[in-house]
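Down below is the structure, laid out as structure tokens.
The values are calculated or read from the model by the stated rules, or taken from the named source; none is laboratory data. For clarity, every value in this text was computed on a predicted model and none was experimentally measured. Note that each Cβ is placed from the backbone with ideal geometry, even for glycine, and that neighbours are counted across all protein chains shown.
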Amino acid sequence: MRIAIKREEIKLETLTSVGKVASSFLEEAKKKSGENLGLCYQCLKCTAGCPTAPYMDIRPNNIIRMIQMGMKKEVLGSSAIWFCVYCQTCGTRCPNEIHIGVLMDALREMAMEEGIPAKEKNIHLFHEAFIQSVRRGGRAHEVTMLMEYILKSKDLMKDSLLPGVKLFLKGKFPLLPSFIKGRGEIKKIFEKCTKK
């Protein structure tokens, strides 16, 4: 492996027995996410702080490395891209301000565009229910989001049902959604995104 260091970023040029690794996936991921993935030097701070990393088949830092290596099929077919909860811990901890949550969202879009199914059963339906909840009220409303998910997936989420009921009874899950004041702005954002 040769590493050429430039002032603005680190460029990785990986050599294999068949030659250079194609950088088209790296460029595509950078363009789609807006994140400068060439800056990642594998410090592991993103993975160390990620609450869902223990459940991922590929850890966040390895996702970036695999993108740098051109491993598109493996990355887009992983369950890791669907496990990100966009808590922004990774971007907060990253010394180069790479926001993996933004990257993971772009990777999910790429997987859907290429018709690559999610590894985890019904996880795309949960993702869609979350997005629809935000689209309607500007924020997620857990009760309607989960009801929409349960109706579409026919998955009663038995493991989550009892804790969900307990949270509801304690008033942590309000029955009726509350809407943000700037719902019109949220609507414009979604319209702009769907026009692409």
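Quick notes on this one:
- Number of positions in the stretch 112-156 that are over 15 Å from the mean Cα position of the chain (by Cα) and aromatic (F, W, Y): 1
- Filter pass, T52 being surrounded by fewer than 19 Cβ atoms within 10 Å (Cβ to Cβ), in contact with a Cys (Cβ under 7 Å, 6 or more places away or on another chain), of a type in the set (S, T, N, Q) and at pLDDT below 95: yes
- Single residue of K166, K152, K121, K188 found to be free of Cβ contacts under 8 Å to residues at least 40 places away in the same chain, outside any helix (DSSP H, G or I), basic (K, R) and not assigned by TED's automatic domain parsing to the domain that holds C43: K121
- Among the residues of the stretch 165-182, those identified as surrounded by 11 or more Cβ atoms within 10 Å (Cβ to Cβ) and either over 13 Å from E142 (Cα atoms) or not β-branched (V, I, T) (or both) are K166, L167, F168, F173, P174, P177, F179, I180, G182.
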